[in-house]
Amino acid sequence: MNGVTSNGYRYYSNRVTCPVPTMDSLVHVQSSSCFQVISDNSILKNWTDARDACDNEGGRLAVLDTKGKIDTVIDVMRDNTDFPQVGFYLGAHRPMDRWNTAWPNGEQDYIWLNGQPLDPDLTAPYWKDSDPNNWQDGQNVIMLYGDQGISRPWVDDNADRIEGYICEFSLI
């Protein structure tokens with residue numbers, strides 16, 4: 001793997017070239033992935049368009065299915081408080097045939113874009129109090145809420161909001 005520094009940020013390339021950081025995005029590397037945080041107000045998107053934008057660049061909306069990935073992204077967000085106050089979409093959603101419906105048996109049914117369900121034991125410490133709650137049966141996706149506090153809690157939210165997003169690129 002070759003490491004390259006650009007604009008003060010380090011990114012790596014292997015089979016996938018991590019995006020070069022711009023003023024309103026940041027790339028950070030975690031052992032098997034690099035993450036690009038998109039926060040430029042001119043390119044904020046709804047969840048579906050954000051998913052497609054990451055796909056078109058050879059990545060995906062971030063799948064934070066390990067503690068290492070979660071902690072990496074939360075650390076990036078905590079250390080870069082100059083991001084605009086927006087939410088950031090992650091690659092977790094309810095199965096699309098269940099969007100805007102009640103949870104089956106009252107239980108959350110979120111899955112990552114890799115098809116794996118969220119592990120409630122792993123994700124529990126990262127949820128904002130009272131979330132996920134599928135408020136009014138319309139919260140179909142997960143995001144990091146973009147307040148400027150120390151912690152960037154996870155929330156379930158509406159997929160139609162225009163927000164920032166985090167792309168993940170595999171280095172394996």
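Read-outs throughout are calculated quantities, based only on the coordinates presented, and are distinct from any laboratory measurement. All values reported here derive from a predicted model rather than from experimental measurement. Heads up, the Cβs are rebuilt from the backbone with ideal geometry, glycines too, and the neighbour counts pull from every protein chain shown.
Between SER130 and ILE43, the simple label model (points 7 Å from Cα in the Cβ direction) yields a spacing of 3.5 nm. Restricting the calculation to alpha carbons of the range 54-172 gives Rg and Dmax of 13.8, 41 angstrom.
Computed from backbone phi, the HN-Hα couplings of the range 105-120 come to 6, x, 9, 4, 9, 6, 10, 7, 5, 7, x, 7, x, 5, 8, x Hz, rounded to whole numbers (Karplus: 6.51 cos²θ - 1.76 cosθ + 1.60, θ = phi - 60°; Gly and Pro given as x). In order along the range 133-141, phi translates into HN-Hα couplings of 9, 6, 3, 6, 6, x, 9, 9, 9 Hz, rounded to whole numbers, per the Karplus curve 6.51 cos²θ - 1.76 cosθ + 1.60 with θ = phi - 60° and x for Gly and Pro. Once both labels are positioned 7 Å from their Cα atoms along Cα-to-Cβ, the gap between ASP119 and ASN100 label points is 3.4 nm. Which of the lysines could a cross-linker bridge to LYS45, judged by Cα under 24 Å and excluding same-chain residues fewer than eight apart? Partners within reach: LYS69, LYS128.
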